[in-house]
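The values are calculated or read from the model by the stated rules, or taken from the named source; none is laboratory data. No experiment lies behind these values; they were computed from the predicted model shown. Heads up, the Cβs are rebuilt from the backbone with ideal geometry, glycines too, and the neighbour counts pull from every protein chain shown.
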Amino acid sequence: MSKSKPCADLAIGLIMTRDVTVSRSLRNRLAMILTGGAAVLAIVLFFVVRGYAAQIAQQGQDNILSASAASILDSAVLRDGQVELDFPYAALSMLSTDADDRVFYAIYEDGALLSGYAGLDIPNPFRSLTYDGATVRVATASRTLIGANVPRRVSVSVAQTQDALSGTLNRISTNVAVFGAGFFALATALSFWATSTTIGQLRRLTTSVTRRGPQDLSPFTKPVPTEMAPLVGSLNNLMSRLDQSLKQSEDFIAEAAHRVRTPLATVRSYAEATFQRVENPENRDALRSMMRAIDESSRAAGQLLDHAMVTFRAENLERSDVDLNDLLRDLVQRMTPIADMRDVDLILDATAPAHLHGDPILLQNALRNLLDNALKYAPADSRIMVRVQTIPSLSVDVSDEGRGFRLGEIDMLADRFVRGSDSGGQIGSGLGLTIAKDVAAAHGGRLILTNTPRGGACATLQF
Amino acid sequence: MRYIAVLTLAFMPAFLFAQPWEDEQLFGSNTSQTLRILSSTDTSFFAPVIDSFIAARPNIAVQYLVTGTADLDDVFRQNPDQFDVVISSAMDLQLKLTNDGFARQLPSITHPDWAQWRSSLFAFTTEPAAIALNTAAFDGLPTPRTRQDLIQVLRENPDQFIGKIGTYDVRQSGLGYLFATQDARTSETFWRLMEVMGSLDAKLYCCSGDMIDDLIAGQILVAYNVLGSYALGRADTQDTLTVILPSDFPTTMMRSALVSKSASSPDLAEAFVSHLIALQSDGAHGVFPLPPLVGAQDTSARASISLEPALMTYLDTLKRQTFVREWEEAIIQE
C-alpha cells in the first residue's frame, strides 16, 4: 500500500470517536461490577466466618463451663441431713485460660446461697451477663438430692470472663480479614484480567476494521466470539450492501457516460457538418461553442468511463510484464500529432530499462492522462519532458514548462472532480490525476505532484 | 484540696486500725508520699528491698505492715483503699483477691506467664515447704528424707516426740492451709502424717517464725511444713537445725504481690512491684535475703503450686468446712 496509509488510518480513527456517542466504558463497567461483587463477597465472607467462629468459640466455652458445673454438682452429697460438696480441684482447674480469665461460681440449696459468689443464680442453662464490671458467661446445672425427709434441690452456676474468648475471636477476625482482603485482591486481579480479555476481542476487531484500506469492503472472515458474531454479521451485511450500492452507482455512472457519449458523437458530427455549410459568422461562432461544449461533455464522459474502469480493474489487477519504455514510446507517438498542433515538443527520455509487473491497460491510461494534462497546460513553443528513472525506484515523470501547480492546492488536486483554480478555459473533468493516483496506488506506488525549478508542473508516478 | 486529701489518707490508718500488727515499720523520713505495703513476710526479709527502692526515690516513705496471711486477707478485703501493695505467701488468697477484682492490672510489667495472673498478681519467690528438725534430737536416729520416713521415726519413738512436734494451725494460717490442702491433694500420706502427729499431741502454730523460734529453743523437735526460706535463713547461723526438703513430693509455693485497685499511689505501687520482681528475677540473690524466683529456664524447678483459678477450690466455704473438720479429726485427738 502507499506510504500515506497511516494518515488515512488516523483520519478514520478520529472520525470514529468523534462521531460516536459514548456512554461510559464497557471495560470500567465490567471491572466495577466484578470488583464490587468481590468486595461484597469478601465482606459477607468476613461476617459469616466470624459469626460462625464466634458461635463455635462460645460453644467451646459453654461446654467447659457446663463440665465444670457438672463436676461440682456431681460431688454433692447429703450427710446427716446436710448438703456437702467436696468438689474436685479439676472443676476449677479446667477453667484456666491463656488470658487468665476470672472465674466465679455459686452453689445453691433450694434457692439459698450455700457457698461461692452471690448473684449468679440464673434459670437458663447458659447466659451472658455483667458481673463485677466484667462480661461473664454463666452455665448452670442442678440436681435433686433425695434425703431421709425432703428432697433438696442443689444448683451450681459457674461463670467465666471472656478475655480468652475475645482474644481468640480477635485472632480469627484478623485472619479472616486478611483472608478476605486476599480474596478481594485476587478477585480484583482476576476481574481485570477477565475484563481485558473480553475487551481484547473487541479491540482486535476494532483494529482490523481500522487497518483496512478505504476501498476494502470485503466481509470479516477471522473467527470472533459468539457474542460478537451478530455485530460482525451486521457489519459484514452493512459493508456488502455499501459495496453493492457503490458498485451500482459506479455502474450507473459508467452506463450513463456510455449512453451519453454515443449520442454526443452523433451530435458533434452533425454540428461539424453544419459548421462546414454555414457562412454567417454569428452562426459559425455559435456552432463552434456548441462543438466545444460537446467535446467537453464527451471528454468528461470518457474520463468517467476510464475512472470506472480503473476502479474496477484496480480491484482485480490483470498483471503481466510491462515494458514501460515501449508503452511510453507508443503513447508519445500517438500524441505527437496533437502536440504538433500546439507547437509543443514531446520529448521522451526512456533509456533505462523499465520493466514492471502490472496491468498494461491501467498503466497506459494513467500515463495518457498525465500527458493529456501536460499538453493542456503547456504553453506554445515549449517542451514536455517524459523521463523514465530507475533510481531510487522506478518512476516516470512528466514535466511541462507551464505555470505549474498552485502550492496551496497541490495536496487535493488528485481528489475526484477537483480542478485547479487557474485551469482557465481548459476542458477537463477533474478526474485525470485521480485516475493516475488510483493506478499508482493499485500498483503499490504513488503519485507525486511538484513544480520544476523553472516553474512548470511535474507529475511523477513512483512505483 | 488535694493536699488535704493526701494528708487525710496518710493519717487514716492510724485512726482506722486498732489492728495489732505483728510488725509495723516506716522506711524513709519524708512523709509527703507514703507507699503502704501490707505483707505477710517478716520485715527483716523485705528491709533491703525497700531500702534499695527508697534509695532511688528520696522523697517517699514506705510503711511496711506485717500480719498473718489469713488476717491479711480479711484486713485488705475490708479496706482495700488503705493499702497500695499486698504481699502474701498464701497464693490461694492472693489469687482470690485478684479474681474478685481487688487487684489493679499492670500491663506494662512483663513477667513470665507461669509467674503472673491477669497481669495483676506477680510471683517473686519460689519457696518450698520443709521439715525442720532439731539436729541434736535426731542424734542416733535416721534422718527422715520423706514424709513416710518421718511417720516411721515418729511412730517408733513416741515417747521422745510426744508434745514435741509442731505444724501450722490451718484454721489460723492461710499459708498453712494452702500447704495442707496441696499436700492432701497430692498424697494420702499427708493424712497419715497428721494422724501420727495428732496422736503425739502436736503443737499448732500460726506462723513459720514462731515455729522456728520454738524449734531453736528446744520446745519442739520437729516442725512440719515450715517455710524453707525462714528455716534455711536461720540454719546458716544455728547448728541446731536440720532443714529437709521432702523428696517424695515437694510442695513449693510462690510469694506474690499485687497492687490494690483502689491504691492511693498506684504509680508508686507499680514501680515497687516492678522493682521487686526485677530484683528477684535478675539473680542478685546474695544481696537480698528473699529466695529468688526460679524456673525461668528450668521448668522442673518451678513451684508445684501454680497460679490458676483452681487455687480457689479449697477456699470454698463447704470445701473448707469439710477439710478443716477432717484435719481436726486427724490432728486433735482428745
Before we move on, is B:Ala257 assigned to a loop (DSSP other than H, G, I, E, B), touching a residue at least 60 places away in the same chain (Cβ under 8 Å) and under 21 Å from B:Arg118 (Cα atoms)? no
Might you let me know whether the stretch A:106-124 holds any residue that is more than 19 Å from A:Arg152 (Cα to Cα) and among the hydroxyl-bearing types (Ser, Thr, Tyr)? yes
Output the qualifying pairs, or none if there are none: Cβ atoms under 6 angstrom, residues six or more apart or on different chains, first residue in the stretch A:366-395 and surrounded by fewer than 20 Cβ atoms within 10 Å (Cβ to Cβ), second residue of a type in the set (Ser, Thr, Tyr). A:Met385/A:Ser399; A:Gln389/A:Ser395
Taking the stretch A:176-227 as the region of interest, how many residues are assigned to a loop (DSSP other than H, G, I, E, B), more than 24 Å from A:Lys247 (Cβ to Cβ) and more than 19 Å from the chain's Cα centre (by Cα)? 0
Taking the condition away from chain B (no Cβ under 14 Å) and either closer than 19 Å to B:Ala310 by Cα or aromatic (Phe, Trp, Tyr) (or both), does A:Phe47 pass? yes
The residue that is farthest from the other protein chains (Cβ to nearest Cβ), considering only those in the stretch A:124-133 that are more than 20 Å from B:Trp117 (Cβ to Cβ) and assigned to a loop (DSSP other than H, G, I, E, B), is A:Asn124
Any hit, the stretch A:167-186, residues being in the same structural domain as A:Leu73 (by TED's automatic domain parsing), more than 30 Å from A:Gly37 (Cβ to Cβ) and hydrophobic (A, V, I, L, M, F, W, C): no
Just for the stretch B:288-334: of the residues that are in contact (Cβ under 8 Å) with a residue 40 or more places away in the chain and small (Gly, Ala, Ser), which one is farthest from the other protein chains (Cβ to nearest Cβ)? B:Ala301
Flagged in the stretch A:129-146 as closer than 16 Å to A:Ser66 by Cβ and touching a helix residue (DSSP H, G or I) at 6+ places or on another chain (Cβ under 9 Å), in numbering order, are A:Arg137, A:Val138, A:Ala139, A:Thr140, A:Ala141, A:Ser142, A:Arg143
The lone exception for B:Leu227 - which of (1) under 21 Å from B:Ala303 (Cβ atoms); (2) of a type outside the set (S, T, N, Q); (3) in the same structural domain as B:His111 (by TED's automatic domain parsing) it fails: (3)
Against the condition of a type in the set (Val, Ile, Thr) and within 12 Å of another protein chain (Cβ to nearest Cβ), how does A:Val136 come out, does it pass? yes
Subset tally (residues that are away from every other protein chain (no Cβ under 14 Å) and more than 13 Å from B:Met253 (Cα to Cα)) for the stretch B:87-108: 2
Can you pull out the residues in the stretch A:72-96 that are outside any strand (DSSP E or B), within 11 Å of chain B (Cβ to nearest Cβ) and surrounded by fewer than 21 Cβ atoms within 10 Å (Cβ to Cβ)? A:Ser75, A:Asp86, A:Pro88, A:Tyr89, A:Ala90, A:Ser93, A:Met94, A:Ser96
Checklist (1) closer than 30 Å to A:Gly180 by Cβ; (2) part of a strand (DSSP E or B) applied to A:Phe46, failing item: (2)
Test result for A:Ala139, part of a helix (DSSP H, G or I) and either at pLDDT 90 or above or touching a Leu at 6+ places or on another chain (Cβ under 6 Å) (or both): no
Scanning the stretch B:88-125 for residues that are buried (at least 24 other Cβ atoms within 10 Å of the Cβ) and among the charged types (D, E, K, R) gives B:Asp92
Being closer than 17 Å to B:Gly163 by Cβ and acidic (Asp, Glu) is the filter here; which residues of the stretch B:183-202 pass it? B:Glu195, B:Asp201
Every residue from the stretch A:100-114 that is more than 7 Å from every other protein chain (Cβ to nearest Cβ), surrounded by 16 or more Cβ atoms within 10 Å (Cβ to Cβ) and assigned to a loop (DSSP other than H, G, I, E, B): A:Asp101
State whether one or more residues within the stretch A:150-157 are within 15 Å of A:Asp62 (Cα to Cα), assigned to a strand (DSSP E or B) and within 14 Å of another protein chain (Cβ to nearest Cβ). yes
Give me a count of the residues in the stretch A:151-178 that are free of Cβ contacts under 8 Å to residues at least 12 places away in the same chain and over 30 Å from B:Trp117 (Cβ atoms). 2
Can you find, within the stretch B:46-70, the residue that is nearest to the chain's Cα centre (by Cα) among those that are part of a helix (DSSP H, G or I) and surrounded by fewer than 20 Cβ atoms within 10 Å (Cβ to Cβ)? B:Ala47
Tally up the residues in the stretch A:57-74 that are closer than 17 Å to A:Thr161 by Cβ and in contact with a helix residue (DSSP H, G or I) (Cβ under 6 Å, 6 or more places away or on another chain), please. 3
Among the residues of the stretch B:128-151, is any more than 17 Å from B:Thr242 (Cβ to Cβ) and in a loop (DSSP other than H, G, I, E, B)? no
For the stretch B:288-319, give me each residue that is part of a helix (DSSP H, G or I) and either in contact with a strand residue (DSSP E or B) (Cβ under 8 Å, 6 or more places away or on another chain) or surrounded by 17 or more Cβ atoms within 10 Å (Cβ to Cβ) (or both). B:Pro309, B:Ala310, B:Leu311, B:Met312, B:Thr313, B:Tyr314, B:Leu315, B:Thr317, B:Leu318, B:Lys319
Quick count over the stretch B:120-159, residues being touching a helix residue (DSSP H, G or I) at 6+ places or on another chain (Cβ under 9 Å) and either touching a residue at least 24 places away in the same chain (Cβ under 8 Å) or not assigned by TED's automatic domain parsing to the domain that holds B:Cys207 (or both), is 27
Any chance the stretch A:115-123 includes a residue that's within 26 Å of A:Thr168 (Cα to Cα) and either within 14 Å of chain B (Cβ to nearest Cβ) or not hydroxyl-bearing (Ser, Thr, Tyr) (or both)? yes
